[in-house]
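**Q** Sharing a structure here in structure tokens format.
Read the figures in this text as sums done on the coordinates, not as results from a lab. Remember, it's a predicted structure, so these values are computed and weren't measured experimentally. Backbone-built Cβ (ideal geometry, glycine too); neighbour counts: all protein chains shown.
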Amino acid sequence: MSAKFISFKAPMPGIIASILVSVGDQVKKGDSLLAIEVMKMESVIVADRGGIVETIFVNQGDVVEDKQVLIRLKLEEEGNHTIEDTIADEKKGERKDLAELKERKYFTRDEARPKAVAKRRSKGFRTARENIADLCEGADFREYGSLIIAAQRRRRKEDDLIANTPADGIITGVGGVNAKLFGEEASQCMILAYDYTVLAGTQGMFGHKKTDRVLHVAKESEIPVILFAEGGGGRPGDTDFQGVGGLDVMTFALFAGLNGVVPRVAIVAGYCFAGNAALAGCADVIIATENSSLGMGGPAMIEGGGLGVFHPKEVGPSEVQYNNGVIDVLVKSEAEAVAAAKKYLSYFQGEVKEWEADDQEKLRGAIPENRKRIYEVHSLINILADKDSILELRPNFAPGMITAFIRIEGKPLGLIANNPKHLGGAIDSLTADKASRFMQLCNVFGIPILSLCDTPGFMVGPDAEKGGTVRHASRMFTIGAKLEVPIFTIVLRKAYGLGSMAMAGGSMHAPFFCISWPTGEFGGMGLEGAVRLGYRKELEAVEDPVKREALYEKMVAKAYRHGRAINTAAYLEIDEVIDPAESRIWILKGLASNRKKNRTGGRGFVDTW
């Protein structure tokens, strides 16, 4: 057996701050030997191989020079095997600080609180972390602020808070959503999830601080925000702050300030009241489960205001909020809500490469030859759009107007369409609001708009005016005039009066193209009404009611021939009349011809209503 030695020298002049080994100690590669202090900072000399401490040439407090020998190790060999090899094979012990971090991190996981998780699942819900995992589909989720706890140290022990109030009831971080479709960079989102297993998902002071931080990051990074909003609003039990009502928190202003900057989705399951509901209401869309209740005040606040005693399920249940337009997409479960959120967000993330379309020749028979016969416009849209690419928003609210995101050959578009099954497709105040807000949403995020027009115009009459139609209907003109994205208008059948002009962005010459199917018919007002109004004297002059009706029908037929699509195109009031089967081709050419800068945000804002 032969012996070899290795010496370790000072990397710089300094003072020996501490000696961490003794003569005879066995050390391994990576062990600290001693520390040198320079300018109040310590540099540690680390063994680059294993051995036994043979000589230590300095003492603590000694001043040493650069390259001065400090310590020598003896390396022993037995055959081809050295002491260094033996020690390297041994399991390296874990650092104390890393072990402490791992222990603390453990309490942020679901398995650390089995009773709370079991209670959650017994009610048919998933945990917040399960929803995030589903949303990210295996993509990396980098959590911000996992180590904070509820601001209640004055009333509870820290160990209790660590075990029972992880993350202060709101999980936040950056993760990839639809990463498999659009790649790592395009899929990044800021995710915020209130955790109902922690103090009923209420909003704590540290939770607000964390929320404010990540919303600032989302704004600076210009990444979408997805919010799981379930929870009971502000938390009255926090003690570790000085203040009165906490009305100076910036969370609501920051989240609202992201309007028009990045897409924002709120997902609601179960009870969502007060502050949590206010955040959900600021989002671009709300996706909710059937068992959700959504309200600006929960039962405790209602009772405290002397307004009665109610069960949470009676306050803003999903069927109410879906019919009145508060909820955009209603689903059965949290799993379906997450799937809907992914689909919604995908339209803002870009094109998809794989798509499938129906036989477009079916569109030739989509409109009945009888011009008075009702048809199902949803079936027509299903043929026109890529298969499984449609996501309709607010279908139960103002059903006379359809608003949806679709794809044509994988390319996203926003769709507005009149529904002739409701008021004949007439536009009342609610349908005007619905279409206007959707146009805003498409505009701010650079989504081109496809308009399918079949309307007798704006709804008129004393009852219509009680709903403020004059102002609400005019929103379509004002917003249409400010669009920075292209609008493509296809007239399916009726295009009468101001309502049809609103469906084209304000004028039949406002869109990138305004075309019609052969079934299209045009006029300053409904043809029947125009005849009765314009030829009243002639009709009243005919005393025989049978002959009067025959004259009326003759005049209507003449008006129809004059207002049919082919004749209207001959006067260049519209751009072209096409075979319905060519509709997708026209849309694709319109998309290809758009040279406007495709921004992701910054074109104004989106009304909450």
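**Q** I'm a student and want to see the number: the projected area of the Cα convex hull of the range 352-432, averaged over all directions, in nm². Provide the component values of the computation, followed by the final result.
**A** Numbers: hull surface 22.2 nm².
Across all orientations, the range 352-432 yields a mean hull projection of 5.6 nm².
**Q** Note down the nm distance, to one decimal, between modelled labels 7 Å out along Cα→Cβ at Phe252 and at Glu369.
**A** Reported label-point gap for Phe252 and Glu369 is 6.1 nm.
**Q** Averaging over every viewing direction, what projected area does the convex hull of the Cα atoms of the range 191-321 cover, in nm²?
**A** The directionally averaged projection comes out at 8.2 nm².
**Q** How large, in Å, is the range 470-609 by the Kirkwood hydrodynamic radius built from its alpha-carbon pairs?
**A** On the way: mean 1/r = 0.0576 Å⁻¹.
Taking every pair of different Cα atoms in the range 470-609, averaging 1/r and inverting gives 17.3 Å.
**Q** What whole-number volume per residue, in cubic angstrom, does the convex hull of the C-alpha atoms of the range 468-517 give?
**A** Working: hull volume 3.3 nm³, N = 50.
Value for the range 468-517: 65 Å³ per residue.
**Q** What Kirkwood radius, in Å to one decimal, follows from the Cα pairs of the range 151-214?
**A** Working: mean 1/r = 0.0758 Å⁻¹.
Over the range 151-214, the inverse of the mean reciprocal pair distance is 13.2 Å.
**Q** Go through 167-173, 233-239 and give me the packing order, highest mean Cβ count within 10 Å leading. Please list the in-between numbers first.
**A** Numbers: 167-173: 26.3, 233-239: 17.7.
Descending mean neighbour count gives 167-173, 233-239.
**Q** Among 303-311, 421-429, 447-455, what's the highest-first ranking by average C-beta atoms within 10 angstrom per residue? Before the final figure, lay out the partial values.
**A** Working: 303-311: 9.8, 421-429: 21.1, 447-455: 25.4.
Top to bottom by mean Cβ count within 10 Å: 447-455, 421-429, 303-311.
**Q** Please give the Cα centre distance for the range 344-370 versus the range 104-138, rounded to the nearest Å.
**A** One Cα centre to the other: 38 Å.
**Q** Looking at the range 262-372 only, what percent of DSSP beta bridges run antiparallel? Nearest 5 please.
**A** Details: 1 of 11 bridges.
DSSP beta bridges in the range 262-372 are roughly 10 percent antiparallel.
**Q** Here's another thing I want to ask about it. In deg cm²/dmol, rounded to 500, what helix-only [θ] at 222 nm does the chain give when every DSSP H run of at least 4 residues adds -39500 (n - 2.57) and the total is split over its residues? Write out the running numbers ahead of the final one.
**A** Values: 22 runs with 210 residues, N = 609.
Only helices count here, giving -10000 deg cm²/dmol.
**Q** For a label point 7 angstrom out from the Cα of Gln360 toward its Cβ, which stretches of the range 371-387 have the backbone nitrogen within less than 14 Å?
**A** The answer is 383-387.
**Q** Per the Kirkwood treatment, what hydrodynamic radius in Å, one decimal, follows for the range 551-597 from the mean inverse distance over all distinct Cα pairs? Display every interim value, and only then the final one.
**A** Working: mean 1/r = 0.0763 Å⁻¹.
Final number for the Kirkwood radius of the range 551-597 is 13.1 Å.
**Q** When the expected Rg is taken as 2.2 N^0.38 Å, what fraction or multiple of it is the alpha-carbon Rg of the chain? Walk me through the intermediate numbers first.
**A** Values: Rg = 34.6 Å, N = 609, 2.2 N^0.38 = 25.2 Å.
Scaled against compact globular proteins, the figure is 1.37.
**Q** So what are the three principal axis dimensions of the range 315-471 from its Cα atoms, in whole Å, longest to shortest?
**A** So the extents along the principal axes, rounded to whole Å, are 50, 47, 29.
**Q** Right, here's the next one. Between Lys353 and Trp609, take the C-beta separation as r, use R0 = 35 Å, and let me know the FRET efficiency to the nearest 0.05. Mind showing how you got there, number by number?
**A** Values: r = 36 Å, r/R0 = 1.04.
My answer for the efficiency is 0.45.
**Q** Continuing with this model, one more query. Are there any GluC sites (Glu not before Pro) in the range 176-280 that are in a DSSP loop and have at most 15 other Cβ atoms within 10 Å? List them by number.
**A** Glu222
**Q** Cα-Cα over 18 Å: which of Lys9/Lys74; Lys119/Lys332; Lys29/Lys67?
**A** On the way: Lys9/Lys74 15 Å; Lys119/Lys332 20 Å; Lys29/Lys67 21 Å.
From Lys9/Lys74; Lys119/Lys332; Lys29/Lys67, over 18 Å: Lys119/Lys332; Lys29/Lys67.
**Q** For a Förster distance of 35 Å, can you work out the FRET efficiency between the beta-carbons of Ala481 and Asn323, rounded to the nearest 0.05?
**A** Working: r = 31 Å, r/R0 = 0.88.
Plugging the Cβ-Cβ distance into 1/(1 + (r/R0)^6) gives 0.70.
**Q** Another question, if that's okay. In the range 1-57, what chymotrypsin sites (Phe, Trp or Tyr not before Pro) fall in a loop by DSSP, with at most 14 other Cβ atoms inside 10 Å?
**A** In loop regions of the range 1-57 (DSSP not H, G, I, E or B), the sparsely surrounded chymotrypsin sites (Phe, Trp or Tyr not before Pro) are Phe57.
**Q** At 1.002 mPa s and 20 °C, plugging the Kirkwood radius over alpha-carbon pairs of the range 273-373 into Stokes-Einstein gives what diffusion coefficient in µm²/s?
**A** Values: Rh = 16.9 Å.
Estimated via Stokes-Einstein, D reaches 127 µm²/s.
**Q** Here's a follow-up. I need the Debye-formula profile for the range 85-222: one equal scatterer per C-alpha, no solvent, reported as log10 I(q)/I(0) at q = 0.12, 0.19, 0.21 1/Å, two decimals.
**A** Here log10 of I(q) over I(0) equals -0.57, -1.14, -1.28.
**Q** Given the range 331-399 reduced to its alpha-carbon atoms as identical point scatterers, what log10 I(q)/I(0) does the Debye formula return at q = 0.13, 0.14, 0.22 Å⁻¹?
**A** Cα-only, vacuum Debye calculation for the range 331-399: -0.55, -0.62, -1.10.
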